[in-house]
Amino acid sequence: MAHSDICILGTGAHVPAKVLTNHELARMVDTTDEWIVTRTGIRERHLAGKNEPTSMMAAAAARAALADAGVTAEQVDLIILATLTPDQPMPATACLVQHLLGVPARAACFDLNAACSGFLYALDTAWAMLASGRYRHALVIGAEKLSSIVDWTDRSTCVLFGDGAGAAVLGPARGTARLLGTRLYAEGAHAHLLCVPRGPKPVIQMKGREVFKNAVRQMEDAVREILEQHGLTAAQISSVIPHQANLRIIESLAQYLGLPIERFIVNLDRYGNTSAASIPLALDEARRSGRVRAGDTTLLVAFGAGLTYGAALVRW
Ligand code: COA
């Protein structure tokens with residue numbers, strides 16, 4: 001299968017039922033709804049319960065994506081799960097998802113950790129594996145239970161994150177939703193800015209301001225490079241699905257690219273930052289709400305711990 005024959009055949013999403021609002025958070029740590037909304041744009045986030053591991057959320061999103069694509073579990077021969085919160089260090093959570101879905105044993109299943117850029121890394125990997133001709137239908141999933149690694153006493157980080165999952169089915173072309181290209185990067189020199197150091201209870205540690213500055217610069221670089229590679233200008237981009245970390249980061253990116261903020265798909269007000277799940281959650285919402293139409297060119301752009309970053313282009 002040529003790269004150009006590979007399409008996004010369907011998408012799906014799942015978030016846990018429990019919602020934690022900023023007002024509820026303000027009773028847990030020294031913060032306010034006003035501070036969180038002004039600095040981040042986040043109003044609430046979904047939290048998974050004790051019996052809702054990453055695998056379960058991933059499988060629910062994957063089932064929705066398969067139904068949307070009209071592809072059966074039997075047809076899937078590749079599962080790539082982007083996550084930094086696997087159910088356990090081993091086996092790979094992708095294998096647990098395979099079992100939950102009833103995907104046959106001839107499928108390759110593995111996890112991939114590129115933090116918040118994970119979905120774009122997984123998309124690029126699946127695309128290359130399908131183009132090799134050795135796989136036909138891939139499930140690309142981003143799923144996170146970040147609530148399990150948040151320090152709920154640290155107001156500078158606990159207000160930012162949420163749980164959820166999003167998935168896409170990739171397979172042979174049926175005309176639309178073609179992947180045009182991807183571009184991935186990593187700057188390990190900045191690894192210390194956002195990490196979960198080992199310890200008795202590993203939790204997210206972050207230098208917020210530095211992450212903010214790098215995020216805007218990196219995403220702008222990734223966008224400019226992928227547009228140049230494809231001979232496109234920013235004005236030709238119909239919609240942008242950015243990693244949903246902070247509305248001010250998205251607004252800065254829009255400003256640097258000279259694009260109206262209305263072209264950006266934003267749902268972080270309801271979900272917070274769900275890391276690898278953030279882009280597929282927004283992608284699914286954009287498709288189902290009619291925000292992307294046939295012929296549109298959509299730009300996906302992410303950044304995250306690593307520091308990793310990247311971009312992808314889809315022609316609907
Ligand atoms: N509620 C109230 N006050 C808070 C707060 C909270 N939840 N969190 C931090 N503060 C305080 C700080 O203690 C600080 O107080 P001080 O001036 O008395 O020291 C003040 O607010 C400003 O803190 P600062 O960290 O400079 O704020 P900021 O404008 O940079 O916003 C972030 C903080 C985290 C929202 C912002 O830096 C950010 O979003 N960074 C990127 C993070 C990110 O996207 N991470 C994920 C990457 S995938």
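Being under 17 Å from Met57 (Cα atoms) and within 13 Å of the ligand (Cβ to nearest atom) is the filter here, so list the residues in the stretch 142-169 that pass it. Steps first, please.
Taking the stretch 142-169 as the starting set, the residues that turn out to be under 17 Å from Met57 (Cα atoms) are 142-149, 161-169.
Listed by number, the residues that qualify are Gly142, Glu144, Leu146, Ile149, Phe161, Gly162.
Of the conditions (1) under 14 Å from the mean Cα position of the chain (by Cα); (2) within 13 Å of the ligand (Cβ to nearest atom); (3) open to solvent by 40 Å² or more (accessible area, probe 1.4 Å), Ser117 clears all except one; give me its number.
Result: Ser117 passes all but (3).
Could you grab me the full set of residues in the stretch 251-284 that are open to solvent by 20 Å² or more (accessible area, probe 1.4 Å), out of contact with any helix residue (DSSP H, G or I) (no Cβ under 7 Å at 6 or more places or on another chain) and within 20 Å of Phe161 (Cβ to Cβ)?
Across the stretch 251-284, the qualifying residues are Asp269, Arg270.
Test of understanding: among Thr93, Thr83, which residue is more than 16 Å from the ligand (Cβ to nearest atom), within 18 Å of the chain's Cα centre (by Cα) and either open to solvent by 10 Å² or more (accessible area, probe 1.4 Å) or outside the structural domain of Ile241 (by TED's automatic domain parsing) (or both)? Full working, then the answer.
Numbers: Thr83 fails: more than 16 Å from the ligand (Cβ to nearest atom).
Only one candidate qualifies: Thr93.
How many residues, within the stretch 130-148, are open to solvent by 40 Å² or more (accessible area, probe 1.4 Å) and in a helix (DSSP H, G or I)?
1
Can you confirm whether Arg45 is crowded, with 20+ Cβ neighbours inside 10 Å and touching a residue at least 12 places away in the same chain (Cβ under 8 Å)? Please lay out each step first, then the result.
Values: crowded, with 20+ Cβ neighbours inside 10 Å: yes; touching a residue at least 12 places away in the same chain (Cβ under 8 Å): yes.
When the stated conditions are applied, Arg45 passes them.
Table: residues versus (1) assigned by TED's automatic domain parsing to the domain that holds Glu262; (2) within 18 Å of Gly272 (Cβ to Cβ); (3) small (Gly, Ala, Ser); (4) more than 10 Å from the ligand (Cβ to nearest atom).
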position	(1), (2), (3), (4)
Val211	yes, yes, no, no
Asn214	yes, no, no, no
Gln218	yes, no, no, yes
Glu225	yes, no, no, yes
Thr233	yes, no, no, yes
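Quick check: anything in the stretch 168-179 in contact with a Pro (Cβ under 7 Å, 6 or more places away or on another chain), closer than 25 Å to Ala92 by Cα and surrounded by 16 or more Cβ atoms within 10 Å (Cβ to Cβ)? Show your work before the answer.
Keep residues of the stretch 168-179 that are in contact with a Pro (Cβ under 7 Å, 6 or more places away or on another chain), which gives 168.
Next, from what is left, pick out any that are closer than 25 Å to Ala92 by Cα: 168.
Subsequent filtering for residues that are surrounded by 16 or more Cβ atoms within 10 Å (Cβ to Cβ) retains 168.
Yes: one or more hits.
Please enumerate the residues belonging to the stretch 226-240 that are closer than 23 Å to Gly304 by Cβ and open to solvent by less than 70 Å² (accessible area, probe 1.4 Å).
Ile226, Leu227, Ala234, Ile237, Ser239, Val240
Show the residue pairs that are 6+ apart or on different chains and have beta-carbon atoms under 9 Å apart, the first residue being within the stretch 19-32 and away from the ligand (no atom under 13 Å from the Cβ), the second being open to solvent by 70 Å² or more (accessible area, probe 1.4 Å) and basic (Lys, Arg).
Taking only residues 6 or more apart or on different chains, the pairs are Val19/Arg270; Thr21/Arg43.
The values are calculated or read from the model by the stated rules, or taken from the named source; none is laboratory data. Since this is a predicted model, take the numbers as computed values, not measurements. Please note: Cβ atoms are built from the backbone with ideal geometry, for glycine as well, and neighbour counts cover all protein chains shown. The accessibility values were calculated without ligands, DNA or RNA, using every heavy atom of the protein model including side chains. Shrake-Rupley method; radii C 1.70, N 1.55, O 1.52, S 1.80 Å.
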